[in-house]
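As structure tokens, the structure follows; a few thoughts come after it.
The values are calculated or read from the model by the stated rules, or taken from the named source; none is laboratory data. Please read all numbers here as calculations on a predicted model, not as lab measurements. Reconstructed Cβ throughout: ideal geometry from the backbone, glycine too, with neighbour counts over all protein chains shown.
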């Protein structure tokens, strides 16, 4: 069925189809419509949606519910992510699957309520203390909001980790044509959470190798499950032993980084002989696509790489796109954040960041002009 | 209670919140602010304002409606930021680096006070800063599009307490913020309403004169969220007080004083609920139970309050 819906609606559809049955959130524009829709839709499928008394309570409830057996999601914007910070660390430490939708608006603080921005990209990457890897997906349109929400749940459950959906106001609150049947057909199947066998001796963080993911068992279920915010051993017993702590950190790092390619979601339109690569994500990718179309029509050879998975960094895909290219254009609605990730991989090439932080979109003509593609 | 300011003085004093702000027609927030600031008399002020309708609507670029020093804080920390300002000011004053007098006041809506801001409010009250906290209470998150708050009454519709086949608006009772603040044993807590200017100004005067923390919880109609006629806001507030849903009272050093007792003129809550679309679904079949519970809650709370006031009267010598 063809519908005309906004990105936030598509997030709600994706979450429910991915098996989300718990939502907690707190009002904040431009994420409030996810809260309101989840409160309307989740009870229909036997789920629970709660409005917390603040963001700290909302993400806290999600962690509790996720550990008790539900797939859980919360949604907010920049100021709310600030308050989520400590609990994101808790979710990492306790290996809690959780989807966090950040409908970005221009910050800092209340910022420009409510105008779009991509100012939280590196904020989400380094959202909490410790600096461990994060998984972050960025939708560029309404269909992506659906597909990437499903993917976010799958990654959260598969790797037992919090996953960010880096939406933003322009994607979340603009209505677009949405083909639900097509979206469902193209989205990955929902990943069912594997749980430990009832008769096993259960250890919450036991895994066969550092990059493997331990099985879950619902708290309050068949096993005595322990959960701690502190450094711990595989039984979740608190420890100060450097060797055990080192192994714990290695596990948290490896379970994400060793599987980076499995999480690789991107569109590549590489053109043989292209000297210029436009690398984009989120809403700016739409301007990038338009710019590429125009440049090619004018006879220019241009490659395009649109990243949907922005973290973990898709090094192989980016290096492939960089082959033979002498110039890289990176448009972003911030002061230049993700371009720093590209700089690490694009040694010797001219890098043209196109940055905009005045709440307006980067335009295709600006990409063409600044990128010397006219 | 009535203001000690003469009527002429009240009229000529002028407003410290100017006209031209963008609050909706029939909104109670600006009435609350103007009357509270009248109570500050000629004292210089530092105003803290939590994120919310009041904040966004009074500071639309390139204007501001505030004539006093003004700090916009995050949603959750108006009380914390104003208490930091007050502590620094007291320190500077003690060192002789400032000589002028200054009062500190923070405004927050019910979302920013009952819910996300209660921790910073509680901390500031317990630490005992010399400031006035004012909650303009319209019973939901109106700024973000009518989500429920801890102040939303039982049975009220909001976008996150919808009414349908299963639920008839909010399932839970509202918190009693005035009682929560009183439990901090601070020198002054009062409940007021936008319909009674003299009472509100008098309470603000007392609050500003009080040494230490003072809290005013003020009923503030919201025609958009209440689904009510903007021209009836003040009348509705009057009826809500007359029904004892929102009693006007003070807690002065722990002593309860009821400022208005409707006695035989007490009206049922139904009288004003009918005029508010947020309760419309309760007047169809199935809503009777919630309506009855609401009335029972109001009656029980009113009795409790009367008992507390009685207690105060016994402890305090006549005429005090």
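The residues on offer are A:217, A:230, A:208, and the sole one that is touching a strand residue (DSSP E or B) at 6+ places or on another chain (Cβ under 9 Å) and farther than 16 Å from residue A:97 by Cα is A:230.
All of A:38, A:67 fail the test of being farther than 30 Å from residue B:61 by Cα and within 11 Å of another protein chain (Cβ to nearest Cβ), apart from A:38.
Residues checked against (1) farther than 26 Å from residue B:115 by Cβ; (2) surrounded by fewer than 19 Cβ atoms within 10 Å (Cβ to Cβ); (3) within 14 Å of chain A (Cβ to nearest Cβ):
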site: B:3; (1), (2), (3): yes, no, no
site: B:16; (1), (2), (3): yes, yes, no
site: B:24; (1), (2), (3): no, yes, no
site: B:33; (1), (2), (3): no, no, no
site: B:96; (1), (2), (3): yes, yes, no
site: B:99; (1), (2), (3): yes, yes, no
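Does residue A:320 satisfy being out of contact with any strand residue (DSSP E or B) (no Cβ under 6 Å at 6 or more places or on another chain) and closer than 26 Å to residue A:253 by Cα? Criteria met by residue A:320.
To keep it simple, each residue is scored yes or no on (1) loosely packed, with under 12 Cβ neighbours inside 10 Å; (2) in a helix (DSSP H, G or I); (3) within 22 Å of the chain's Cα centre (by Cα).
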site: B:264; (1), (2), (3): yes, yes, no
site: B:272; (1), (2), (3): no, yes, yes
site: B:275; (1), (2), (3): no, no, yes
site: B:280; (1), (2), (3): no, yes, no
site: B:285; (1), (2), (3): yes, no, no
site: B:290; (1), (2), (3): no, yes, no
site: B:294; (1), (2), (3): no, yes, yes
site: B:299; (1), (2), (3): no, yes, yes
site: B:302; (1), (2), (3): no, yes, yes
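Evaluating residue A:116 against the criteria (1) closer than 30 Å to residue A:230 by Cα; (2) crowded, with 21+ Cβ neighbours inside 10 Å; (3) modelled with pLDDT under 95 leaves one unmet condition, (1).
Could you check, for region A:144-153, whether at least one of its residues is assigned to a loop (DSSP other than H, G, I, E, B), modelled with pLDDT of 95 or more and surrounded by 19 or more Cβ atoms within 10 Å (Cβ to Cβ)? Within region A:144-153, not a single residue is assigned to a loop (DSSP other than H, G, I, E, B), modelled with pLDDT of 95 or more and surrounded by 19 or more Cβ atoms within 10 Å (Cβ to Cβ).
Restricting A:158, A:175 to those that are more than 23 Å from residue A:126 (Cα to Cα) and in contact with a helix residue (DSSP H, G or I) (Cβ under 9 Å, 6 or more places away or on another chain) reduces the list to A:175. From the list A:277, A:270, A:224, the one residue that fits, being farther than 15 Å from residue A:311 by Cβ and surrounded by fewer than 14 Cβ atoms within 10 Å (Cβ to Cβ), is A:224.
On the basis of being in contact with a helix residue (DSSP H, G or I) (Cβ under 6 Å, 6 or more places away or on another chain) and buried (at least 24 other Cβ atoms within 10 Å of the Cβ), does residue B:207 make the cut?
Taking the combined requirement at face value, the residue does not satisfy it.
For region A:77-84, indicate whether the set of residues that are more than 14 Å from every other protein chain (Cβ to nearest Cβ), within 18 Å of the chain's Cα centre (by Cα) and closer than 16 Å to residue B:145 by Cβ is non-empty. So far as region A:77-84 goes, no, none of its residues is more than 14 Å from every other protein chain (Cβ to nearest Cβ), within 18 Å of the chain's Cα centre (by Cα) and closer than 16 Å to residue B:145 by Cβ. Cβ separations smaller than 7 Å between residues 6+ apart or across chains give the following pairs from region B:103-119 residues that are within 13 Å of another protein chain (Cβ to nearest Cβ) to residues that are surrounded by fewer than 24 Cβ atoms within 10 Å (Cβ to Cβ) and assigned to a helix (DSSP H, G or I): B:113/B:177; B:114/B:177.
Residues in region B:49-78 that are within 14 Å of another protein chain (Cβ to nearest Cβ), in contact with a helix residue (DSSP H, G or I) (Cβ under 7 Å, 6 or more places away or on another chain) and either surrounded by fewer than 19 Cβ atoms within 10 Å (Cβ to Cβ) or not in a loop (DSSP other than H, G, I, E, B) (or both): 6 in all. Condition first: facing chain A (nearest Cβ under 10 Å), in contact with a helix residue (DSSP H, G or I) (Cβ under 6 Å, 6 or more places away or on another chain) and not in a loop (DSSP other than H, G, I, E, B). Now tell me which residues in region B:120-152 satisfy that. Answer for region B:120-152, where residues must be facing chain A (nearest Cβ under 10 Å), in contact with a helix residue (DSSP H, G or I) (Cβ under 6 Å, 6 or more places away or on another chain) and not in a loop (DSSP other than H, G, I, E, B): just B:141.
Going through region A:173-206 one residue at a time, which ones are under 22 Å from residue A:21 (Cβ atoms) and assigned to a helix (DSSP H, G or I)?
A:180, A:183, A:184 - these are the residues of region A:173-206 that are under 22 Å from residue A:21 (Cβ atoms) and assigned to a helix (DSSP H, G or I).
One residue stands out in region B:153-205 among those that are touching a residue at least 40 places away in the same chain (Cβ under 8 Å) and within 11 Å of chain A (Cβ to nearest Cβ): the one that is nearest to the chain's Cα centre (by Cα), namely B:175.
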